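Report on one structure; see the data block that follows.
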Amino acid sequence: MKRKASEERTNLIKKQCRIFRAMVLAGACCLALTACSAKGSGEQGTTGGVTTAPPDNEENENVVTQQPDNDGKGNVVTRQPDETSSLQIKSLSFSGTEAVIYQTGLPVLTFTVDTEGNLYTLGYDSGEASGYWLRQYDAEQKLLMDYWFDSSFSSISAIAVEGRTAYFTANRIIEDRVSMALYAMNLDTKNIEVLADFPQYDTIQQLILQEGRLYLLGNRRFSAEEERPSGGGGYGFYEDQITCYQLENGESSSVAIEYPINMAAMENGGLMVHAYVKGKGYQLLQYDTEKNSVSTAAEFTDYYVQQFAVCHDGKDLLYNYNRNSRGLVLAPLNKLHQETELCPEEYVGMSMNNSILYQDGKVYMLNFDRDLMCFALADTVRENKTLRYISSGYQREAPDGLGYSMERKEMLPDKFALKVLAQDRDFDLCMIDSIDEMGSNIRKTGVFYPLDDVPGVKEYLEKCHPYVREAVTKEDGSIWALPVAVNIPGLIVHEGTLAELGVPLKRDITWEEFLPMFAALPEEQKKLTSINLIVSTIAFSQQYFQRYESVDNEIFRRTAELMKLLDPNQGLNSIEDSERYLFDYERNMSTYIDDWWIPNYNGQNARLYPMPKLSAEDPSVGSCVMLAINPNSDRLKETLAFMEDYTAWLMKKGRPFFTGLSAEEGTFKADLYDLYENAEISFGLETNIYLDDYYDMLAGRISMEEYIKDTDRKLRIYFGE
């Protein structure tokens, strides 16, 4: 469960989604076959309070009317609302928007909203009263219905509502086979009727009702002998297809889109389908439901749109990212690179099925906890000139858009540095990581708009540790950037495994103690760690050049000799067992404060140690990610307004580099606050100065004295400039 690459968290969640999909498929068969066994005697009657009527004749043998639970006197029985079924409302403020979180007490699988504003949530309870449930709330969030399906229903995953009829999909048994079926439920009488069977599907992901037609998007496990087709970008297809079902006559037909991924309703009655087109890549296809025709609405270079909705008469797209998540985004179909980020990623997360819905000016979506969120789109979107943001490659700390339209450009480090130092006019905001090779040069020679008069910035810096304030303050006292994140390298440690295996790792260990200890670990124990020669070199160099401008001293010589003990071919192991590991290298603040990750390290049993140091008394050395403004921006007014809002947003969030934070002694958080309190920021040195010939020196291909002589020559030139 390694998180070294910028997309690692997204990849893991994608993997879990794939596992969840497989579990749904397997669970569907298991539950359905259980129901089949219970009904295998062929008797007609009641099972779990649901009456199954025999077919009238051969022509309608697939149409079965199911009666609701009753009390023996013909009265419909529904569960009375209680604490688990009531709709708990919680407000949330972000991007200047007041959103509502509907907390239904149980995770929501899917949802829909009818034309009158009634909300319908569908979920599954795996507790004692296990089963699928359907709840209806009016526009004022009053619970109108709490219906629990009979246990014979399995794999209910999609729902649509029109008037007093709810349509949903679920498995049923036909001739001892599991088949996906479409059902209609009368919301007044609770009568449930089978409308049609769809044996071509294992699961149904989406169900959309448009102009008397139901569109089903589903899949089945790929059955061909060859590998299933892949569109690249990490998406593999399971024979996905869209079927149109006519409510008037019950006829079904296939929609001619070969590789659909997701679909959304359009206000004109059509459909927008995200699909892969052979030879062309990922596209948004506009499907005219009346003419049964398909046209291309937009093209993508890769698979990055996850769930989506269409708004503003088909002109704009609402979506969340498949990777490098920027939360919920709004973008014009004809200018997809101009994105307005509506809701921060920490609330959106990744969820399955139709998790975004736009209706009557409101946005509904499932958040990371599968609670339902709702907010008015008009309250969130700013009418600003598009801000142009640049960074050196992908930055996981990239600022939330907060409702501002923003065009992002990720550049190669050298091109980024040249653009910033040349003060080009074609960008407004830039994100700088002090660890970047040009970090020191940018700090010394870069020119940025002073933030002293931006409301909230000085108050923000007063909350930061002094070393963080120092990193963004020039010699004349002016503030040149806003610190967004501080990344202090550390070791996530399982002290129980340390004690069990007798590994003498301690806090504030020096490199001269750590390197021979680590090199002597048996190979099986090294697999319980994630550190190697490259990581050790980077961490040591960052600390070393914070103190020295020459490598001609005994500290460097002794440490370099010990570095030779490490295997140069050892990769960075992936810690896979959260119950048994020794230590795991980490440096990203976003991981340290992510409550989603900490349980993966055996909860609060995980501890956080500083990295090995030059001497035990030294502070930890890390880097600072900063947001700065181009003084030559021709959109300075909008940029300053964004910086003010973004500062206020960050003030509300708990930053470990803020002062005055405390936690229970002996916990991961207490370790975290201690790590950040006793630290300092370094600015990057160009790696070719000291890494050229470094590994050749460790391997003995050149002598240490040759390396020191040549490296010192380059260091004198660098520091003399």
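The values are calculated or read from the model by the stated rules, or taken from the named source; none is laboratory data. All of these numbers come straight from a predicted model, not from anything done at the bench. All Cβ positions, glycine included, derive from the backbone under ideal geometry; neighbour counts span all protein chains shown. Surface accessibility is based on the protein's heavy atoms, side chains included, excluding ligands, DNA and RNA. Shrake-Rupley method; radii C 1.70, N 1.55, O 1.52, S 1.80 Å.
Structure summary
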| quantity | calculated |
| --- | --- |
| Options Asp577, Asp567, Asp595, Asp645; residue that is open to solvent by 30 Å² or more (accessible area, probe 1.4 Å), at pLDDT below 95 and over 27 Å from Ala539 (Cβ atoms) | Asp645 |
| Criterion: under 29 Å from the mean Cα position of the chain (by Cα), closer than 15 Å to Gly117 by Cα and of a type outside the set (Lys, Arg) - qualifying residue of Ala139, Ala160, Ala166 | Ala160 |
| Output for segment 670-679, where each listed residue is touching a residue at least 40 places away in the same chain (Cβ under 8 Å) and open to solvent by 40 Å² or more (accessible area, probe 1.4 Å) | Glu677, Asn678 |
| Meets criteria (modelled with pLDDT of 85 or more and closer than 18 Å to Arg396 by Cα) for Val310 | no |
| Strands (runs of 3 or more DSSP E) lying entirely in segment 332-424 (those with 3 or more residues that are within 24 Å of Ala641 (Cα to Cα), open to solvent by less than 40 Å² (accessible area, probe 1.4 Å) and touching a Phe, Trp or Tyr at 6+ places or on another chain (Cβ under 9 Å)) | 338-343, 387-392 |
| Every pair of residues 6+ apart whose Cβ atoms lie under 8 Å, when the first sits in segment 415-439 and is touching a residue at least 60 places away in the same chain (Cβ under 8 Å) while the second is assigned to a strand (DSSP E or B) and open to solvent by 30 Å² or more (accessible area, probe 1.4 Å) | Phe427/Arg388; Phe427/Lys409; Asp428/Arg388; Leu429/Arg388 |
| Residue pairs meeting the criteria (Cβ under 6 Å; at least 6 apart or on separate chains; first touching a residue at least 24 places away in the same chain (Cβ under 8 Å), in segment 181-195; second assigned to a loop (DSSP other than H, G, I, E, B) and not aromatic (Phe, Trp, Tyr)) | Leu187/Arg164; Asp188/Arg164; Lys190/Pro68; Val194/Val63; Val194/Val64 |
| Residues satisfying the stated conditions in segment 239-282, i.e. small (Gly, Ala, Ser), open to solvent by 20 Å² or more (accessible area, probe 1.4 Å) and touching a Phe, Trp or Tyr at 6+ places or on another chain (Cβ under 7 Å) | Ser252 |
| Pairs where the first residue, in segment 368-379, is within 17 Å of Asn118 (Cα to Cα) and the second is assigned to a helix (DSSP H, G or I), C-beta under 8 Å, 6+ apart | Met373/Tyr347 |
| Yes/no for Lys474 being open to solvent by 10 Å² or more (accessible area, probe 1.4 Å) and modelled with pLDDT of 95 or more | no |
| Segment 386-414, residues that are acidic (Asp, Glu) and without any contact (Cβ under 8 Å) to a residue 60 or more places away in the chain | Glu410, Asp414 |
| Matching helices (runs of 4 or more DSSP H) fully within segment 453-567 where at least 1 residues are touching a Pro at 6+ places or on another chain (Cβ under 9 Å) and farther than 30 Å from Thr647 by Cα | 495-501, 511-519, 533-547, 554-563 |
| Inter-residue pairs, beta-carbon under 7 Å, first closer than 15 Å to Pro399 by Cβ and in segment 477-489, second assigned to a loop (DSSP other than H, G, I, E, B) and open to solvent by 10 Å² or more (accessible area, probe 1.4 Å), 6+ apart | Ala481/Phe448; Val484/Glu397; Ala485/Glu397 |
| Complete set of residues in segment 293-315 that are open to solvent by 30 Å² or more (accessible area, probe 1.4 Å) and either in contact (Cβ under 8 Å) with a residue 12 or more places away in the chain or in a strand (DSSP E or B) (or both) | Ser293, Val294, Ser295, Thr296, Ala297, Glu299, Thr301, Asp302, Tyr304, Asp313, Lys315 |
| Only one of Asp400, Asp424, Asp414, Asp428 that is within 30 Å of Pro631 (Cβ to Cβ), touching a Lys or Arg at 6+ places or on another chain (Cβ under 7 Å) and not hydroxyl-bearing (Ser, Thr, Tyr) | Asp428 |
| Some residue of segment 672-693 being within 25 Å of Glu346 (Cα to Cα) and aliphatic (A, V, I, L, M) | yes |
| Considering residues of segment 435-452 that are in a helix (DSSP H, G or I) and of a type outside the set (A, V, I, L, M) only, the residue most open to solvent (accessible area, probe 1.4 Å) | Lys444 |
| Subset tally (residues that are without any contact (Cβ under 8 Å) to a residue 40 or more places away in the chain and either more than 21 Å from Val310 (Cα to Cα) or not in a strand (DSSP E or B) (or both)) for segment 259-269 | 0 |
| Set Ala139, Ala129, Ala99: member being surrounded by 21 or more Cβ atoms within 10 Å (Cβ to Cβ) and among the small types (Gly, Ala, Ser) | Ala99 |
| Condition met for Phe111 (surrounded by 20 or more Cβ atoms within 10 Å (Cβ to Cβ) and under 27 Å from the mean Cα position of the chain (by Cα)) | yes |
| Residue check for Glu665: over 30 Å from Leu565 (Cβ atoms) and at pLDDT 95 or above | no |
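Table: residues versus (1) crowded, with 17+ Cβ neighbours inside 10 Å; (2) touching a residue at least 60 places away in the same chain (Cβ under 8 Å); (3) closer than 19 Å to Glu495 by Cα.
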position: Ile509; (1), (2), (3): yes, yes, yes
position: Ala519; (1), (2), (3): no, no, no
position: Glu524; (1), (2), (3): no, no, yes
position: Leu528; (1), (2), (3): yes, no, yes
position: Asn532; (1), (2), (3): yes, no, no
position: Tyr544; (1), (2), (3): yes, yes, no
position: Ser550; (1), (2), (3): no, yes, no
position: Asn553; (1), (2), (3): no, no, no
